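Chemist: Dumping the structure here so I can ask a few things about it.
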Amino acid sequence: MATPDAGLPGAEGSEQAPWAQLEAPARLLLQALQAGPEGARRGLGVLRALGRRGWEPFDWGRLLEALCREEPVVQGPDGRLELKPLLLRLPQICQRNLMSLLMAVRPSLPESGLLSVLQIAQQDLAPDPDAWLRALGELLRRDLGVGTSMEGASPLSKKCHRQLQSLCRGLGPGGRRLKSPQSPDPEEEDNRDSQQPGKRRKESEEEAASPEGKRVPKRFRCWEEEEDDEEERPEHKSLESLADGGGASPIKDQPVMGPKTGQDGSSLEDAKGLAESLELPKAIQDQLPRLQQLLKTLEEGLEGLEDAPPVELQLLHECSPSQMDLLCTQLQLPQLSDLGLLQLCTWLLALSPDLSLSNATVLTRSLFLGRILSLTSSASRLLTTALTSFCAKYTYPVCRALLDPVLQAQGTGPAQTELLCCLVKAESLEPDAQVLMLGQILELPWKEEIFLVLQSLLERQVEMTPEKFSVLMEKLCKKGLAATTSMAYAKLMLTVMTKYQANITETQRLGLAMALEPNTTFLRKSLQAALKHLGS
């Protein structure tokens, strides 16, 4: 155990970071948060990478507790020791990005630990407290339903208020028709409610009272339009990127996806928010005819088409997931031929920056799901190539929008199963992608089609943690009595016993023996031989 002075800033001979004594996942996360304005986004990437590599779920409770833990630090020129929590010992950019990340993943955080962190941040006695940290802390407290010192107080600083008012006055006559927050126009407030600070306060209160919290990402987008502070703008962009990252952030995993999401008793503002979310951005509307013509060209043939993605596709980055869903419908993407699909996927994969996980999930559903479910014979080579190449880059969206729905659909047959087997065996899949697919399959209720897909995946000798392997063995052994005549189950058993024999414990071997006992397939003798080899 390190001595108290070992990690003290200013202690002689010490160059350790404040988080040096934390566990590896927490250290990696805080190091990523040091990366300037993009730190919050990189932190989210670290969380996704940890999940893909088979680590235990990130323990937010322990990290929040560590941020509140006081340790002695050297303060001032006289070298006096003071107790200071880890949160206040972090560099300012790290604190900013940490608060941004906490905002993005707030639904997955333990409230008690988050409240303790916010209390410490609020008690910071620095002579010049950071306005951005103050604003993020205020928003987090509101999301938790915690009152502030001044009822209805704005999280914006006075300087930001002045800049916002100046911007509104400048845009009032001929720009976006924004009004000063001191004199809101009711009609404008209805039409552009997200651009009024007063309106935003009202929305924040409603969001705190609502269990879904679906409007949080919209708040970030509106702030980016309103504020014109060059020093704060990079953080706003980072927050917007986090909100659009979908897969990893619970906030964006709850978008309004269509009219069916509305419920009886919804407020007028919720209805207006739904209508707004189902409108394409003007830039997309203006380019819609060109996008339609582009897809028509794909259907007519690929001669003369460039390999680089057309500039019109860059506009996809401006869509929220619900708007992307609407755009896919208007472009009739499910009706593309397999040849057109392959070329479109080639362009999508070449886009820079990458699509957000949420938008990639919507595109996966639109481009592939209906096409695959309607198969009555083996998939074409064009469709197989398009799917495997798209999955290699956007594995999580494919798992979420395709793998689970197809495997659980009532009409899944040999054609669908054959295509999924080709997908999981694709050489282009990285080990991390294989682990992610395995995790998704282990969560599903097993049936005949899943036996076939899982056996194809395990042929690749997927690297998995002992915990994940234990889940696999437990489910495999439990299915023995129900799958006594299944050849697919027998092949899966044989693959596990031959490819993963070094991983099988004595307890698991006994479980396999019990599962094998009632098996009546012609592979029974091969299974018994493999089982005997395990005990030798």
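The values are calculated or read from the model by the stated rules, or taken from the named source; none is laboratory data. Since the structure is predicted, the reported quantities are computational estimates derived from the model, not experimental observations. When we count neighbours, we look across all protein chains shown, and the Cβ atoms used for this are built from the backbone with ideal geometry, even at glycine. Side chains included, ligands, DNA and RNA excluded: accessible areas come from the protein's heavy atoms. Shrake-Rupley method; radii C 1.70, N 1.55, O 1.52, S 1.80 Å.
Chemist: Based on the mean of other beta carbon atoms within 10 Å per residue, what is the order of 40-48, 482-490, most packed first?
Modeler: 40-48, 482-490
Chemist: In whole Å, what is the distance between the alpha-carbon centres of segment 439-465 and segment 381-413?
Modeler: With segment 439-465 and segment 381-413 each reduced to a Cα centre, they are spaced 14 Å.
Chemist: If amide hydrogens are placed 1.01 Å from N in the peptide plane, which non-local residues have theirs closer than 5 Å to the one on K84?
Modeler: Residues meeting the amide H criterion: E71, V73.
Chemist: Could you report segment 464-535's accessible area per residue, 1.4 Å probe, as an integer in Å²?
Modeler: 53 Å²
Chemist: A further question on this structure: Can you figure out the FRET efficiency of R524 with A409, using R₀ = 45 Å and their beta-carbon distance, to the nearest 0.05?
Modeler: 0.90
Chemist: Let me ask you something else. Could you give P(r) for segment 283-417, binned at 10 Å from zero, as whole percent values over all Cα-Cα pairs?
Modeler: Over segment 283-417, the share of Cα pairs per 10 Å bin runs 12, 45, 34, 9, 0 percent.
Chemist: Using the Cα atoms of segment 443-536, I'd like the radius of gyration and the largest Cα-Cα distance, Dmax, both in angstrom.
Modeler: 12.0, 34
Chemist: If I take R0 = 51 Å and measure r between the Cβ atoms of R162 and A24 in this structure, what FRET efficiency does the formula 1/(1 + (r/R0)^6) give, to the nearest 0.05?
Modeler: In this case the efficiency is close to 0.70.
Chemist: If you put +1 on each Lys and Arg Cβ and -1 on each Asp and Glu Cβ, how big is the dipole of segment 19-121 around its Cα centre, in Debye rounded to 20?
Modeler: Approximately 420 debye in magnitude.
Chemist: What is the distance, in nm, between label points placed 7 Å from the Cα along the Cα-to-Cβ direction at S352 and at T297?
Modeler: Label at S352, label at T297, 2.1 nm between them.
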